[in-house]
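Have a look at the structure below before the remarks.
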Amino acid sequence: MSQRTAHIVRDDDVMGGEPRIEGRRISVRQVADWVEEGDLSAKTVADRYDLDIADVYRALTYYHEHPGEMAAVRRRRRERISAARERGMKTLSELREEHAGATDE
């Protein structure tokens, strides 16, 4: 587990500008999804991604203290995914299904 706690930072050139844990490509949105929607404990997330537990709680605090910003992050993400799908890009699930179908034949 990491020994130094990190700050929440934003950089337009990293992860589409989403707020993230400093020094990592782990966004505040991802942490909130894992803990609040994925039913993982904060400790499990910290252990799984080699984070200090304080970083996980800091990300969750940021998520709840900035609801408007986080709603905008989710909206921009949906728009990017939609645009990518219109260009013919596939989801990871679709690629896995295609691969499974190809190996079954």
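The values are calculated or read from the model by the stated rules, or taken from the named source; none is laboratory data. Being a predicted model, the structure only gives us computed values, none of them experimental. For neighbour counting, all protein chains shown are included, and Cβ atoms are generated from backbone atoms with ideal geometry for every residue, glycine included. Heavy atoms of the whole protein, side chains included, go into the accessibility calculation; ligands, DNA and RNA do not. Shrake-Rupley method; radii C 1.70, N 1.55, O 1.52, S 1.80 Å.
Details
- Charged-residue dipole, Cβ positions (Lys, Arg, Asp, Glu), the chain about Cα centre, Debye nearest 20: 340
- M15, M70, M89, reordered so the largest accessible area comes first (probe 1.4 Å): M89, M15, M70
- Heavy-atom accessible area, probed at 1.4 angstrom with all protein chains present, ranks S27, S93 as S93, S27, highest first.
- Taking a ≥ b ≥ c as the square roots of the eigenvalues of the Cα gyration tensor, segment 61-105 is classed as oblate, since a/c reaches at least 1.5 and a/b does not exceed b/c.
- Note on exposure: V73, V14 ranked by accessible area (1.4 Å probe, complete protein assembly) read V14, V73, with the most exposed listed first.
- Note on E97 and A83: their simple-model spin labels are 2.6 nm apart, each label 7 Å out from Cα toward Cβ.
- In the context of the full protein assembly, E94 retains an accessible surface of approximately 60 Å², using a probe radius of 1.4 Å and ignoring ligands and nucleic acids.
- Within a Gaussian network of the chain (alpha carbon springs, distance under 10 Å), most fluctuating of D13, D33, D55: D13
- Cα centre as origin, Lys/Arg/Asp/Glu Cβ charges: segment 50-105 dipole, Debye: 460
- Along segment 45-54 the Karplus relation, 6.51 cos²θ - 1.76 cosθ + 1.60 evaluated at θ = phi - 60°, assigns HN-Hα couplings of 4, 4, 5, 5, 10, 6, 10, 6, 4, 4 Hz to successive residues, with x for each Gly and Pro.
- D47 sits with roughly 80 Å² accessible to a 1.4 Å probe, with DNA, RNA and ligands left out of the calculation.
- Estimated FRET transfer efficiency when R0 is 25 angstrom, pair D47-R75 (beta carbons, to 0.05): 0.20
- Gyration tensor verdict on segment 18-105 (Cα atoms; rounded if a/c is under 1.5, prolate if a/b is larger than b/c, oblate otherwise): oblate
- Only protein heavy atoms count here; under a 1.4 Å probe, T61 has an accessible surface of about 70 Å².
- Taking every C-alpha pair closer than 8 Å and separated by at least 6 residues, the mean separation divided by the residue count of the chain gives a relative contact order of 22 percent.
- Computed from backbone phi, the HN-Hα couplings of segment 69-84 come to 5, 5, 5, 5, 4, 5, 4, 4, 5, 4, 5, 5, 5, 4, 5, 5 Hz, rounded to whole numbers (Karplus: 6.51 cos²θ - 1.76 cosθ + 1.60, θ = phi - 60°; Gly and Pro given as x).
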